[in-house]
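What follows is one structure encoded as structure tokens, with my remarks underneath.
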Amino acid sequence: MAARTRYVHILDSIDPSTETDAMAGDDTSRTPAPVQGAQVVSRIARLLRIVGQEPRGLPLARIVRESGLTRPTVHRMLSSLLGEGLLDHDPVAGTWRFGPEIFVMGAVAAQSYPIEDLARPSLHRLAEETGESAFLSIRRGAETVCLLREEGSFPIRSFVLHEGVRFPLGVASAGLAILAYLASDEVDRLLVQDDAFRERWGEQHSPAAIRQHLERTRATGYAVNPELILEGSWGMGAAIFDQAGRPTWALSLTGIEPRFRAGRQPYLGQLLLDEAHKITQKLQHTR
């Protein structure tokens, strides 16, 4: 019960105010003019997120399908990103992947986000203690993105999760662990699903089904994904909280069903909670 209690966080009841800078005499009631080129920036960001799902690269057809843009538009933008060094193209395999400029930007940005260095020891301990694959994921809007992994010693593994892969909040164990500790009104907004979501993720990820998993997560402190994404592939996760008490990251373990049966879940869950709590505590003392 102690592990569960320390994961209860206090939500700020006051929404932060939005300040608007306006020159004297301006009519602030007018609808702001659209930012020039904003649509292009949004499309480029979408393409980069899609390409980043697979470190080995993605074919043009899949990028087109997932982006919802036309093939000529996607190819033109990918070619521009290639010219800037943000993407690489393998002409033999016909795949696109992150380029050297992304690596440079990531290396510089990593200095401002200490979470990876703080989490690596925990991932190592989890993988070594359990034999399963351990992961660190971060919340990005309505999704989780896998950042790090540490392979365990058990020879049979699940390959559903890897660096760069994205899942909607509430789909994988990391997303369930994070979603369980968000404010109820935010959960309601995130569980509004369209036809494309239902077709992609199935009835096992309906709002009602997800809410049942959230209730169990709040009761135990850790989330369990009982082969909801891929038959035979199980996962468990625990949330990591930032300095403001928001669930921003999650640790998770994945593996095959016999390794995650009911008798072993409390043991795995407690390990996840302990390591997530250690990282949360370190973050409280990190600028």
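Could you tell me whether region 149-162 includes any residue that is in a loop (DSSP other than H, G, I, E, B) and either outside the structural domain of D274 (by TED's automatic domain parsing) or touching a Cys at 6+ places or on another chain (Cβ under 7 Å) (or both)? Yes, region 149-162 contains a residue that is in a loop (DSSP other than H, G, I, E, B) and either outside the structural domain of D274 (by TED's automatic domain parsing) or touching a Cys at 6+ places or on another chain (Cβ under 7 Å) (or both). Note on region 48-77: among residues that are surrounded by 13 or more Cβ atoms within 10 Å (Cβ to Cβ) and of a type in the set (S, T, Y), the one that is nearest to the chain's Cα centre (by Cα) is S67.
Residues that are within 23 Å of E227 (Cα to Cα) and of a type in the set (A, V, I, L, M, F, W, C) within region 246-286 comprise W249, A250, L251, L253, I256, F260, A262, L268, L271, L272, L273, A276, listed in sequence order. The C-beta contact set for region 113-141 (first residue in contact (Cβ under 8 Å) with a residue 12 or more places away in the chain, second residue among the polar types (S, T, N, Q) and surrounded by fewer than 24 Cβ atoms within 10 Å (Cβ to Cβ), distance under 6 angstrom, 6+ apart or interchain) comprises P114/T286; G131/S153; R139/T248.
If you go through region 246-275 and keep only what is surrounded by fewer than 16 Cβ atoms within 10 Å (Cβ to Cβ), modelled with pLDDT under 95 and in contact with a helix residue (DSSP H, G or I) (Cβ under 9 Å, 6 or more places away or on another chain), you end up with nothing. Checking Q212, Q243, Q193 one by one, the residue that is more than 17 Å from the chain's Cα centre (by Cα) and touching a residue at least 40 places away in the same chain (Cβ under 8 Å) is Q243 and no other.
The values are calculated or read from the model by the stated rules, or taken from the named source; none is laboratory data. Because the structure is predicted, anything quoted here is derived from the model rather than measured. Heads up, the Cβs are rebuilt from the backbone with ideal geometry, glycines too, and the neighbour counts pull from every protein chain shown.
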